[in-house]
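**Q** Can you keep this structure in mind? I'll have questions shortly.
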Amino acid sequence: MLISVAIPKPIRNTFTYEALPDVQINLGSRVSVSFGNQTLIGIVVEKETSDKKISSRIKRINAVLDSRGDMPIDILNLCLWAADYYHHPIGDVFTNALPALLRAQETKSNLFVERKLSLTSLGHELNRSTKKLSTKKKLLFGLIQKEGKTRDALFKSGIKPYLIRVFLNEGWAYWHTTKREPEEKTPQRNISYGDLILNRDQENVIAQLSLKDENKPFLLQGITGSGKTEIYLRAIEPHLERGGQALILVPEIGLTPQIVSRFENRFCTRVSVINSSLTDKQRAKAWIEAKEGENRIILGTRSAIFTPLKNLGIIIVDEEHDLSYKQQEGFRYSARDLAIYRSHTERIPIILGSATPSLESLFNAERGKYKKLLLDSRPTESHPETYRVVDTSQFPSREGLTQFALRSIRKTLASGKQALVFVNQRGFCPILLCEECKQVATCDRCQVRLTYHQTTEVLSCHHCGRIKSYPAPCDSCGSSRLIQLGVGTERLEKFLKDVFPEEEILRIDSDSMRKKNSMRLAIEKIKEDKPRILIGTQILAKGHHFPNITLVIIVNADAGFYSADFRALERLGQTILQVGGRAGRGKHRGEVLIQTQFGNQETLQKLIKTGYQKFAEHLLKERADASLPPVRYEVAVHTECPEQDVAVDFLQNIKKGIAKSNDLSVAGPLPAIIEKKNNRFRQKLILISKERELLHKKLSEIERFISRSKLPRGLKWSIDVDPLNMV
Ligand code: ADP
Ligand code: ZN
Ligand code: ZN
């Protein structure tokens, strides 16, 4: 039998191997094969039995691996489709889809067994009779006297390896191996709604969700706090009752603790969380459990879209507009779009939810591809927040804050409420300007400014991670007279501490939230009303429900207006409403102050006066007029290379090779938004068309062209379908 195997390497084709006919091999089976001088684990994507004599050049596979970690046919097809759609090497798609443990080595059977340290009868006796034990020994006896504990659990309780060795050597304890039982097979039936009754809008949405006449994806557009999560809960309930599973995708950032407990409390069942903080072992376990139908609710970030689910009943994509659903390097897939594909092929419902849907999704709803469901009001007592522009060209600001903003903070604090100050910049300040030669400190590897971080006294490049100690003289002239310009979270924190010395102030950004659990602790503190002023970046902007915040200040909304990215305004609108939505989630009316020089700008006025829908319609019209996505389709070819000219020439050649067509516009080579990163110059070619098929054809042409030509040394290229122009 001949089989085609996808190898975990960035290679576009699959490889043929021979397998003996009597071994059981399925599509999706994992096989160990020799590849060059390596032994790798590949996935079987095709098989054929043939009578022809097999060429001696074809190698035989080494082994078929344990089937528990095999890829089910649904996921195999998803991967094949994604490799095709994103024009990405199939082996690398599998690398993204399959947990590391399942592709790096043979599935260890110990994935499902646990070793626990338990007391022997001698140990029990000693524990009962002797009073004179050291504190440490007492602690360990105490920990394992009722039931055994795993090594990890013991380490967490502060037990050191040598102490375990002592217990083993003395014969007081032994390792006891048990099969790990699945935590729970079926969810318990007692679903607890509390005293929550759906309001009319929600009832209406639920009624539409249950209509089965059309199988379109649902786009649930509901302002922040309008009860979208409640809809998700109700929507998955019937699937769980029927024994099905639900897959819920959430964005990368800090959202998970709150949403996890809401699902767990409602259904009294464990939620299996799949995100980047899992260990390889946990990830492999979660994958296999989901595949075998043991976990009922799977909640995860981007890569969770590849989780195999035995009885998948429904998919939810929360905050569907969020950028983190699109992988920005390597295999540039969109988890949201793969979710739509998956719901289609598995014939199950999908709900995309957001207060500020992406223009793509709104456009899809407009032309009837999605069914739109609306939630316009908040079911609780809370009122919609009001938005107000503070014109920074008229009102000067100190350390980023206008007098008006400071007064509002003071009033908010006086009334016993909390204020949130949002700035999309971590560190102290983003610009360090030399007073002598007027040069700005930049990273020598990237074409970006260095950010000054006061807490760690460094200059840091937020793109390559390079760090320089501070103070340091100007790179160009050696002067030490450097001016700190611009405002980051640290600077605001320092300033607000000076102005409000009595108040507790909490800064929330990826620097201050580096430690595990710090986000959860911070959220708890905020809910207890401890810090009165919160300063934060994006990670504070999303999903959280803080009833006591009544004032939100958006420190600098200017960048959205002069960015080179045509999506910048869309993002700005989404950010303003998402951050703004943190105000007034309680009983009291919230206020949002937007500090900007562009207060009179038409789109901004539309946003705050008429809401997101009108704002989005306005932007969609602009996109249509300019023949830009989502009204047209877009793909890009990215290159990066140590030499600028080489990258440009390479793309120029590709451009020349593309056959002209009326329905196609080709732009570039253009510099990427970050033109130089890590000493590599980045250029791109952009192809735009009304016809998706045409773009796919062109990309295939480009792939063939590149595979025929000699790749310049050091040049890397990649294809981006439906790019988001981030970097
Ligand atoms: P969203 O996900 O749209 O931000 P949530 O589902 O989190 O909204 O709802 C916001 C708040 O309103 C939550 O505290 C939720 O428990 C509450 N809530 C939702 N629906 C209702 C309802 N019908 N009656 C009362 N409270 C509700
Ligand atoms: Zn200088
Ligand atoms: Zn850098």
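Read-outs: derived from the displayed coordinates by stated rules, not from any lab. Since we're looking at a predicted model, the values are computed, not measured. Quick reminder, even Gly has a Cβ in these numbers, built from the backbone with ideal geometry, and neighbours come from all protein chains shown.
**Q** Once the piece of chain linking E147 and T386 is laid out straight, how much longer is it, given 0.36 nm per residue of separation minus the C-alpha distance between them? Before the final figure, lay out the partial values.
**A** Numbers: separation 239, 0.36 × 239 = 86.04 nm, distance 5.66 nm.
That pair, E147 and T386, stretches by 80.4 nm at full extension.
**Q** Let me ask another. Quick one: if you take sqrt(5λ) for each eigenvalue of the C-alpha gyration tensor of the stretch 488-585, what semi-axes come out, biggest first, whole angstrom? Provide the component values of the computation, followed by the final result.
**A** Values: eigenvalues 115, 49, 39 Å².
After diagonalising the Cα gyration tensor, the semi-axes are 24, 16, 14 Å.
**Q** In Å, the Kirkwood hydrodynamic radius of the stretch 200-375 over pairs of distinct alpha carbons?
**A** One over the average 1/r among Cα pairs gives 16.2 Å for the stretch 200-375.
**Q** Among all cysteines in the chain, which have no other cysteine Cβ under 4.7 Å from their own Cβ?
**A** When partners are defined as cysteine Cβ atoms under 4.7 Å apart, the chain leaves C79, C268, C429, C464, C641 without one.
**Q** Using 0.36 nm per residue of separation minus the Cα-Cα distance, give me the extension gain between N600 and R68 in nm, one decimal. Intermediate results must be reported in sequence, preceding the final value.
**A** Details: separation 532, 0.36 × 532 = 191.52 nm, distance 6.04 nm.
Additional length available on full extension: 185.5 nm.
**Q** Could you work out the Kirkwood radius for the chain, taking every pair of different alpha carbons, averaging 1/r and inverting it, reported in Å? Kindly include the intermediate steps, with their values, before the conclusion.
**A** Numbers: mean 1/r = 0.0346 Å⁻¹.
Mean inverse Cα-Cα distance, inverted, gives 28.9 Å.
**Q** If you don't mind, there's one more thing I want to ask. If I model a spin label at N265 and T345 as a point 7 Å from the Cα along the Cα→Cβ vector, what separation in nanometres do I get?
**A** So the label points at N265 and T345 sit 3.8 nm apart.
**Q** Can you compute the FRET efficiency between A626 and E528 using 1/(1 + (r/R0)^6), with r the Cβ-Cβ distance and R0 = 41 Å? Round to the nearest 0.05. Display every interim value, and only then the final one.
**A** On the way: r = 49 Å, r/R0 = 1.19.
According to the calculation, E is roughly 0.25.
**Q** At q = 0.22, 0.23 Å⁻¹, what is the log10 ratio I(q)/I(0) for the stretch 2-108, with the Debye formula run over Cα points and no solvent?
**A** Calculated log10 I(q)/I(0) at the listed q: -1.23, -1.34.
**Q** Sorted by packing (mean other beta-carbon atoms within 10 Å per residue), highest first, where do 659-667, 218-226, 76-84 land?
**A** Numbers: 659-667: 11.7, 218-226: 23.9, 76-84: 19.6.
Ranked from most to least packed, the peptides come out as 218-226, 76-84, 659-667.
**Q** Could the peptides 564-577, 58-71, 289-302 be put in order, highest first, of the mean number of other beta-carbon atoms found within 10 Å of their residues? Before the final figure, lay out each step's value.
**A** Numbers: 564-577: 19.9, 58-71: 17.2, 289-302: 21.8.
Descending packing order for the listed peptides: 289-302, 564-577, 58-71.
**Q** Would you mind telling me the antiparallel percentage of the DSSP bridges in the stretch 2-108, rounded to 5? Before the final figure, lay out the partial values.
**A** Values: 17 of 18 bridges.
Of the beta bridges lying entirely in the stretch 2-108, close to 95 percent run antiparallel.
**Q** Using a basic spin-label model with each label point 7 Å from the Cα along Cα→Cβ, how many nm lie between T455 and K310?
**A** 4.5
**Q** For the cross-link pairs K371/K606; K216/K542; K228/K698; K156/K497; K372/K606, which exceed 32 Å when the distance is taken from alpha carbon to alpha carbon?
**A** Details: K371/K606 25 Å; K216/K542 27 Å; K228/K698 40 Å; K156/K497 36 Å; K372/K606 21 Å.
With Cα atoms farther than 32 Å apart: K228/K698; K156/K497.
**Q** Which shape class applies to the stretch 276-345: rounded if a/c is under 1.5, otherwise prolate when a/b exceeds b/c and oblate if not, where a ≥ b ≥ c are the square roots of the Cα gyration tensor eigenvalues? Kindly include the intermediate steps, with their values, before the conclusion.
**A** Values: a/c = 1.96, a/b = 1.26, b/c = 1.56.
The shape class here is oblate.
**Q** Could you give the length gained on full extension between E693 and K660, defined as 0.36 nm per residue of separation minus the Cα-Cα distance, in nm?
**A** Values: separation 33, 0.36 × 33 = 11.88 nm, distance 1.50 nm.
Residue separation times 0.36 nm, minus the Cα-Cα distance, leaves 10.4 nm.
**Q** Going down the list K291/K515; K656/K684; K160/K516, which pairs span over 20 Å between their C-alpha atoms? Please report the intermediate quantities before stating the final value.
**A** Numbers: K291/K515 31 Å; K656/K684 14 Å; K160/K516 22 Å.
Where the Cα-Cα span goes over 20 Å, the pairs concerned are K291/K515; K160/K516.
**Q** Then there's this: Before anything else, pin down the relative contact order of the chain: Cα pairs under 8 Å, at least 6 apart, normalised by residue count, whole percent.
**A** Values: 1341 pairs, mean separation 77.4, N = 727.
Relative contact order here is 11 percent.
**Q** I need the calculated FRET efficiency for the pair N679 and R589, taking r as the beta carbon distance and R₀ as 56 Å, to the nearest 0.05.
**A** 0.60
**Q** Within 13 Å, Cβ to Cβ, of K655, how many net charges do the neighbouring residues add up to if Lys/Arg are +1 and Asp/Glu are -1?
**A** Numbers: positive: K656, K660, K684, K698; negative: D649, E701.
After counting each charged neighbour, the total is +2.
**Q** If you count, for each residue, the other Cβ atoms within 10 Å and average over each peptide, how do 169-177, 313-321 line up from highest to lowest?
**A** On the way: 169-177: 14.7, 313-321: 24.8.
Result, highest mean first: 313-321, 169-177.
**Q** Take Q484 and T279, extend 7 Å from each Cα along the Cα→Cβ direction, and tell me the distance between the two endpoints in nm.
**A** In this crude spin-label approximation the distance works out to 4.1 nm.
**Q** Would you report the distance distribution of C-alpha pairs in the stretch 633-721 as whole percents per 10 angstrom bin, up to the bin with the largest distance?
**A** 17, 53, 26, 4
**Q** Here's another thing I want to ask about it. Excluding residues fewer than 8 places away in the same chain, name every one of the aspartates and glutamates whose C-alpha is closer than 19 Å to that of K690.
**A** Qualifying aspartates and glutamates at Cα under 19 Å: D337, E360, E366, E622, D625, E634, D663, E701, D720, D722.
**Q** What is the antiparallel percent of DSSP beta bridges lying wholly in the chain, to the nearest 5? If you can, show how the numbers build up before the last one.
**A** On the way: 65 of 115 bridges.
In the chain, DSSP labels about 55 percent of beta bridges as antiparallel.
**Q** Does the stretch 574-717 come out rounded, prolate or oblate, given a ≥ b ≥ c as the square roots of the eigenvalues of its C-alpha gyration tensor, rounded meaning a/c under 1.5 and, failing that, prolate meaning a/b above b/c? Display every interim value, and only then the final one.
**A** Working: a/c = 3.25, a/b = 1.99, b/c = 1.63.
Here the stretch 574-717 falls in the prolate category.
**Q** Rank these for me by crowding, Y86, Y193, going from fewest to most other beta carbons within 10 Å.
**A** Working: Y86 23, Y193 12.
Ranked by crowding around the Cβ, least crowded first: Y193, Y86.
**Q** Once the Cβ-Cβ distance between Q644 and S469 is put in as r, and R0 is 30 Å, what FRET efficiency do you end up with, to the nearest 0.05? Intermediate results must be reported in sequence, preceding the final value.
**A** On the way: r = 30 Å, r/R0 = 0.99.
For R0 = 30 Å, the calculated efficiency reads 0.50.
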